[in-house]
Each structure stands twice: as structure tokens, then as C-alpha cells.
Amino acid sequence: RDGNGIQAYADMNGFILGVHHCNNGIGAAVPQIEGINKTCPIRLVHTNYDTESSQTVALDTFSRSFLENPDQPPSAVFGAWRSAVSVPLAILTGVLGIPQFSPLSTSTELDDKVQYPLFSRLIPSDAGTASLSLSILRQFHTQ
């Protein structure tokens, strides 16, 4: 819906495949997890929700899911992709004590560990990207 729908579905399929590999000890992509299912009793379970790149949809969907299953809250939330959606969701998950991991949210606002204590990202924030870009430009300038 936001122009990246196909990529979002591809990313989600990759995540689901990763869960499958972890649960079954398949080390094809990450050799370190080969056979982990024989030594670790923990199994990952996932539920997918489409936030439609909307803060309202994300909060409504997560809240309804949480309220419908109060005895089985999620151990963690993977997503959202957009910072605009991750910000309010990170407040809610933080209040509930649930870690949130985002693969693509880069807003520096999410660097505030007081406001977003359980938020983590899988890529650098915009500040990290800007710092790296500046370093690369300096390197080319000195050559």
C-alpha cells in the first residue's frame, strides 16, 4: 500500500523462514544454529499483522491482540517498518514490558532510551547513517 508492499511481504517471508530455521535447527543461512533444536527447548511462534503503514492500525491491531490473549502476551514484537508507526507502538510495547525490534525504522527519536526503553533496531539510525556518509565524503575529499 505504501509502494513497498512486495518488499514488505518478501521481508516477512524471510522472517518466517528464519523462525522455521531456528525451531528446526537448520543452519543453511546461519551455521551457528545448526542443531540448536536439540539443545534448546525454546520454540519461536509468530503471528503476522499488516499495519498498513498506519499508527492507528498498528496500535489497534496490537491492542486487540494483546487484550484477546492476556495470558499469552508476546515475548517480543518484530516491526514496524516505518518510524512513524514504530514510535507509538514502541511507547505501548515499552509500557507493557515487551521488547520491539524494527528492521527499517531509522528515526533518531527512537534513540531516546528513556522514552523507548525496549526499542531496538536492526539498522543504524539516521544519525548513524549521516555520520557514515560524512566519513565517506571526507575520505574521498582527502584522496
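The values are calculated or read from the model by the stated rules, or taken from the named source; none is laboratory data. These numbers come from a predicted model, not from an experiment. As a convention, Cβ positions derive from the backbone with ideal geometry for all residues, glycine included, and neighbour counts pool all protein chains shown. Quick note on the areas: whole protein, heavy atoms, side chains included, nothing else; ligands and nucleic acids left out. Shrake-Rupley method; radii C 1.70, N 1.55, O 1.52, S 1.80 Å.
Remarks
- The numbered conditions (1) within 30 Å of Asp126 (Cβ to Cβ); (2) outside any loop (DSSP other than H, G, I, E, B); (3) out of contact with any strand residue (DSSP E or B) (no Cβ under 7 Å at 6 or more places or on another chain) are all true for Pro74 except (2).
- Scope the range 61-81; condition within 30 Å of Gly25 (Cβ to Cβ), at pLDDT 85 or above and open to solvent by less than 40 Å² (accessible area, probe 1.4 Å); matching residues: Ser65, Val77
- Single residue of Ile91, Ile98 found to be surrounded by 13 or more Cβ atoms within 10 Å (Cβ to Cβ), closer than 24 Å to Gly18 by Cβ and modelled with pLDDT of 85 or more: Ile98
- Qualifying residue in the range 43-60 (condition: of a type in the set (Asp, Glu), surrounded by fewer than 12 Cβ atoms within 10 Å (Cβ to Cβ) and in the same structural domain as Leu92 (by the TED database)): no
- Unmet criterion (only one of (1) hydrophobic (A, V, I, L, M, F, W, C); (2) in contact with a strand residue (DSSP E or B) (Cβ under 9 Å, 6 or more places away or on another chain); (3) open to solvent by less than 70 Å² (accessible area, probe 1.4 Å)) for Leu104: (3)
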